[in-house]
Amino acid sequence: MTVVAVPMGEAAAGGPGDVLAIYGLGSCVALAVWDPETRRGVLCHIVLPEGTPAPGDPPARFAGPAVDWAVRTLGRVPPRDLVVKLAGGASVLPTQHVPMLDIGRRNLDAVFRELARRGMRVAAEDTGGKYGRTVFFHPADGGLVVRTAGGKEQVL
Amino acid sequence: MVHGLAAAESALSDLLGRRVEASLLSVSEAELNQVDAPWLSGESMAVALYQYFDGAMTGHCLVMMEPGAAADLARQLWGDTGRAEAPPDPLQDEAYLSALLELGNILAGRFLGGMADHLRLEVLPTPPASTVDSAAALFNSLVAAGAQFARRIVMVAASFSVEGLPVPVTLALIPTQFPGAAAPGGER
């Protein structure tokens, strides 16, 4: 098994022999998209809800381009037939006195909106809250392992 | 940076009533997506003290400490050092966390204040808030908040020695508006 770490704003694709990981997911959103037939998957580390990518920007800096990248990369099947799982979008930093800094909630809203525009539904999610997460996506079976900072682990 | 650190050193010494020496280990400026640190690819925990600041210069400031060092420092702040019985876990105790919050207020506030005074700028920090989580999640959340309006980050590694007890501190600063700076390059 090869573990591929996906940094902020980046996205990676993998097959049955890979594990795609995001360490320390806070307000960012992990978008895992899986093709059950080919057992290939994509993991996007989305940073911001919206914006226009600049030249050289990584593919998952913004929600919309990230979903586009995932669909394009797994382009063999219609988007609605892909299995989508989400994690993250937390409010880890205590920024309640500056509401516009609640990026986690805004990120989640944007990802759901962008998925709906393409007819894609979320099969499972572990989102929101006030704690960080680490995720491991297994394209072999589409499992998304979510581990919280306190050590609790679940498989979506 | 040195002005800010000296101000923090002096204020921390006053708060603790002990000799405090601050050392500036490194200062670096980088693109938000170019920061590299060992704890970014792991699940190590950190105590973080966060402050947003406004005024002539606006932005985000995050002070991070390794939990063991933060707990030792909290005991110093609370005066528990040398007690026969083991003190409670400072990071699970409201009073200790409150003491750490005061420390964060001093570190971040005086650090920012020292820099602002040197630059003759008015900086208005919001009340600090503390949290304990994975270092990577805390840092990534700071970067995401800053990335809306900025593209660069200042990373400061410092060490505060309190009566010989070393407390390594990482301070991350994302100015989102700075007089004379180019227009923000985040969300366009």
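State the percent of C-alpha pairs, over all pairs in the stretch A:18-93, separated by a distance greater than 17 angstrom.
It works out to 46 percent of all Cα pairs.
Kindly work out what percent of the DSSP beta bridges joining two residues of the stretch A:2-155 are antiparallel, to the nearest 5.
Once the DSSP bridges in the stretch A:2-155 are tallied, antiparallel ones form about 75 percent.
Output the residues of the stretch B:116-142 meeting this criterion: accessible area (heavy atoms, 1.4 Å probe) in the chain alone minus accessible area with all protein chains in place is 30 Å² or greater.
B:Ala129, B:Thr131, B:Asp133, B:Ala137, B:Asn140, B:Ser141
List the residues of the stretch A:40-59 that lose 10 Å² or more of accessible area once all protein chains are present, compared with their chain alone (1.4 Å probe, heavy atoms only, no ligands or nucleic acids).
Buried-area filter returns A:Val47, A:Leu48, A:Glu50, A:Gly51, A:Thr52, A:Ala54, A:Asp57, A:Pro58.
B:Cys61 accessible area, nearest 10 Å², 1.4 Å probe?
About 0 Å², ignoring ligands and nucleic acids.
Taking accessible area as the heavy-atom solvent-accessible surface of the protein chains with a 1.4 Å probe, which residues of the stretch A:1-33 lose no less than 30 Å² upon going from the isolated chain to the full protein assembly?
When all protein chains are present, A:Met8, A:Tyr23, A:Gly24, A:Ser27 each give up 30 Å² or more of accessible surface.
If I compute solvent accessible area with a 1.4 Å probe over the protein chains, what percent of it on the protein assembly as shown is carbon and sulfur? Walk me through the numbers on the way to the answer.
On the way: 7450 of 14420 Å².
Carbon and sulfur together cover 52 percent of it.
Hand me the GluC sites (Glu not before Pro) from the stretch A:1-64 located in a DSSP loop with no more than 16 other Cβ atoms within 10 Å, in residue order please.
On the way: sites: A:Glu10, A:Glu37, A:Glu50; in loops: A:Glu10, A:Glu37, A:Glu50.
Answer by residue number: A:Glu37, A:Glu50.
Just to confirm, what accessible area per residue do you get for the stretch A:1-149 at 1.4 Å probe, in whole Å²?
38
Taking each residue in B:145-153, count the Cβ atoms of any other chain within 10 Å of its Cβ, then average. What number comes out?
Mean shielding count: 4.
Taking every pair of Cα atoms in the protein assembly as shown, average 1/r, invert it to obtain the Kirkwood radius, and report Rg/Rh to two decimals.
Taking Rg over the Kirkwood Rh, I get 1.01.
Please calculate how many Å² of accessible area the stretch B:2-177 carries per residue, with a 1.4 Å probe and no DNA, RNA or ligand atoms counted.
Result: 42 Å² per residue.
Quick check on the stretch A:2-155: what are the equivalent-ellipsoid semi-axes from the Cα gyration tensor, as sqrt(5λ), descending, whole Å?
Value: 23, 18, 14 Å, ordered largest first.
From the protein chains alone at 1.4 Å, what is the descending order of accessible area for A:Asp109, B:Asp36, largest first?
Ranked list, largest accessible area first: B:Asp36, A:Asp109.
What quantity of accessible surface, computed with a 1.4 Å probe and excluding non-protein components, is buried in total between chains A and B, in Å² to the nearest 100?
Summed over both sides, the interface buries about 2500 Å².
As a test, work out the antiparallel percent of DSSP beta bridges whose residues both lie in the protein assembly as shown, rounded to the nearest 5.
90
The values are calculated or read from the model by the stated rules, or taken from the named source; none is laboratory data. Keep in mind that this is a model prediction, so the values were computed, not measured. Every residue, glycine among them, receives a Cβ derived from its backbone with ideal geometry; neighbour counts consider all protein chains shown. Note: areas computed on protein heavy atoms with side chains; ligands, DNA, RNA excluded. Shrake-Rupley method; radii C 1.70, N 1.55, O 1.52, S 1.80 Å.
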